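J.: Shown below is the structure under consideration.
Every read-out reported here was derived from the displayed coordinates using simple, explicitly stated rules and does not represent laboratory data. Keep in mind that this is a model prediction, so the values were computed, not measured. Neighbour counts run over all protein chains shown; Cβ positions are idealised from the backbone, glycine included.
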Amino acid sequence: MTAISDLARAIATAPASSIPSSLFGLPDQAPHERVLLAADAETGLKAILAVHSTARGPAFGGCRFWTYDNELAALNDALRLSQGMSLKNALADLPFGGGKAVIIKPAGNFDRPALFAAFGRAVQSLDGAYITAEDVGTTTADMLGMQAQTQYVSGIPRAGAFGGDPSPKTAWGVFVSIEAGVKLHLKRNSLEGVRVAIQGLGAVGWHLAEFLHRAGAKLVVTDVDAAKIARAQELLGAQAVGIDEILSADVDVLAPCALGAALNSVSVPQIRAQLIAGAANNQLATVADGDALQQRGICYLPDYLVNAGGIISVAREYRNEGEESAVMAEVSRIGERVAELLERVKLENSTPGRVADAWARAKLVKPV
C-alpha cells in the first residue's frame, strides 16, 4: 500500500527549492517516528499518515482531505500537522501523542465511501499507533464508514452517548481563548463591541462566529463561499470583506480559521488587530513571523493551544469518557492555559509561540 514511486517522481520533477531536506521530519527537528505512504489504485487513494510522537500514548490526530499542488506539498503538510498535534495533545494534558493524515483528493469522479474504506485499512495497518478523526475536508459520515475497516477512529455520533462532530468544541476553545486574550491583553472585561475578523466560515469558523455574536462582538468575515458570507450578514449582522482584505481589517481581534501559514512575512506588517487567536493549524509560516508580531505589540495565541477543543472531544469519545457538560468544561480550561501562557511570556521575556513550544515539548513524556 505504498506510493514511494509516485513520491520519487515528484521529487525528480520538482524545483530544487521545494524538495524537503528530509522525508522523515521537519528541518531542525527530530525525525518523525513513522511516516506511511498509502495508495490504492482501485479507489484512487493516495494518503500520508505521519506519526510524530507516541511518547504520551498512541498518536491521535485528524485526517485532512484536500487538493494539493503536488505530493511534496501533501507530505510537508502531514509532517507539520502531525508535529502540531504532539504539541496540542501535550498542552491539553491528553494521554496521546501526535499524528496526522492527509489524503490527496483525486481528480474527477471517485467513490468516496470506497476511498475512505481504503484509508481505514491503511489506518488499521498501523495497529493502533495512529488514531484518526475529522479534519478539513472530512466528515462524521466518512469516519462512520471507516468503522468497518478499523477501530482506530473517532468523531462518530453515538446513540445515547457522547461523540460526533468535534467542530463546536474546537470553536468553543477558540472562543474562551479570545475571551481570555481580550481581558488580559486588550484590558477589556467583555466581548461587547469588540471587533473580530474571522477568516473562513467553515464548520469551526461558523460556530465561532455564533459564539462571538451571542457575546456581543462585532464580526468582520470572509470566505471563498459567497453563500456563507451572505448567511453571516443576515443572521449575525457581520460585515463582509474580500479574502485579500481580512488580515488587514481594522479590528481588535483576528481569528484565522482557514488553512495554515496565513501569518507570514507579507501579511504580518499589514495586520491591524492587537490579538490573534484562531482555529487554523500552523498559522505561523515561520517562528520568525511570531517574533515579528510580538515586536509590533500584537499578541499571537498559538493555534495548537487555542484550537485543542476538537481533539479533547474526540479523545474523550474514543476513551468512552465524560459527557457533554464535562467535555465542555474541560475545553473551557483552555482559557486558563492562555492566562498561564501569557504569565510565562512575561516572566521569560519571550514570545507566546516560543514559550508555548518549550512548554509543550517539556510535556512530551509518558503521563504519570
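J.: Would you mind calculating the relative contact order of the chain from Cα pairs under 8 angstrom and at least 6 residues apart, reporting the percent as a whole number?
T.: Averaging sequence separation for qualifying contacts and normalising by length gives 16 percent for the chain.
J.: Leaving out same-chain residues fewer than 8 places away, which lysines sit with a Cα under 22 Å from that of LYS363?
T.: Result set, ordered by chain and number: LYS88, LYS100, LYS346.
J.: Also, quick follow-up: Got a sec? Charge dipole of the stretch 109-192, +1 on Cβ for Lys and Arg, -1 for Asp and Glu; which of ILE156, ALA118, LEU144 is way out at the positive end?
T.: Looking along the dipole axis, the top candidate is ILE156.
J.: Shifting gears a bit: For q = 0.27 Å⁻¹, what log10 I(q)/I(0) does the stretch 193-261 give under the Debye formula with an equal point scatterer on each alpha carbon and no solvent?
T.: Once normalised to I(0) and log-transformed, intensities are -1.33.
J.: Next up: Students often forget the sequence filter, so: which lysines lie under 22 Å Cα-Cα from LYS218 once same-chain residues fewer than 8 apart are removed?
T.: LYS169, LYS183, LYS187, LYS228
J.: What net charge is computed for the residues neighbouring ILE246, neighbours being all others with C-beta under 15 Å from the C-beta of ILE246, Lys and Arg scored +1, Asp and Glu -1?
T.: Once all neighbours under 15 Å are counted, the net charge is -2.
J.: Rounded, prolate or oblate for the stretch 93-219? Axes are the square roots of the Cα gyration tensor eigenvalues, ordered a ≥ b ≥ c, and the cut-off for rounded is a/c under 1.5.
T.: prolate
J.: While we're here: Roughly what % antiparallel, to the nearest 5, for the DSSP beta bridges in the chain?
T.: 35 percent
J.: Here's something else I'd like to know. Under the rule of at least 5 residues apart or a separate chain, name every residue whose amide H is placed under 5 Å from the amide H of LYS218.
T.: Long-range HN contacts for LYS218: GLY193, VAL194, ARG195, VAL196.
J.: Sorted by average packing, counted as other Cβ atoms within 10 angstrom per residue and highest first, what order do 148-155, 122-129 take?
T.: 148-155, 122-129
J.: Same structure, new question: On a 0 to 90 degree scale, rounded to 10, what angle separates helix 309-318 from the longest Cα axis of the chain?
T.: 40 degrees
J.: Rounding to the nearest 10 and keeping the result within 0 to 90°, find how far the Cα-based axis of helix 203-214 lies from the longest principal axis of the chain.
T.: 20 degrees
J.: Right, here's the next one. For the stretch 302-368, what is the relative contact order in percent, using Cα pairs closer than 8 Å and at least 6 residues apart in sequence?
T.: 34 percent
J.: I've got another one for you. If you average the sequence gap of Cα pairs under 8 Å that are 6 or more apart and divide by the length of the stretch 71-135, what percent do you get for the contact order?
T.: 26 percent
J.: Assuming a ≥ b ≥ c are the square roots of the Cα gyration tensor eigenvalues, decide whether the chain counts as rounded (a/c under 1.5), prolate (otherwise, with a/b larger than b/c) or oblate.
T.: Rounded.
J.: Mind pulling the per residue volume of the convex hull built on the Cα atoms of the stretch 71-120? Å³ is fine.
T.: 87 Å³
J.: What residues qualify as long-range amide H neighbours of ARG34, i.e. H under 5 Å apart, gap of 5 or more or another chain, H built at 1.01 Å from N?
T.: VAL51
J.: Cα axis of helix 352-362 to longest principal axis of the chain: angle in degrees, 0 to 90, nearest 10?
T.: That works out to roughly 50 degrees.
J.: Now for a separate question. What is the dipole size for the chain, taken about its Cα centre, with +1 at each Lys and Arg Cβ and -1 at each Asp and Glu Cβ, in debye to the nearest 20?
T.: For this selection, approximately 580 debye.
J.: Please work out whether the stretch 231-368 counts as rounded, prolate or oblate from its C-alpha gyration tensor, where a ≥ b ≥ c are the square roots of the eigenvalues and a/c under 1.5 means rounded, while otherwise a/b larger than b/c means prolate and anything else oblate?
T.: oblate
J.: Using every pair of alpha-carbon atoms in the stretch 186-300, split the distances into 5 Å bins beginning at 0 and state the percent of pairs per bin, rounded to integers.
T.: 2, 13, 25, 25, 18, 12, 4, 1
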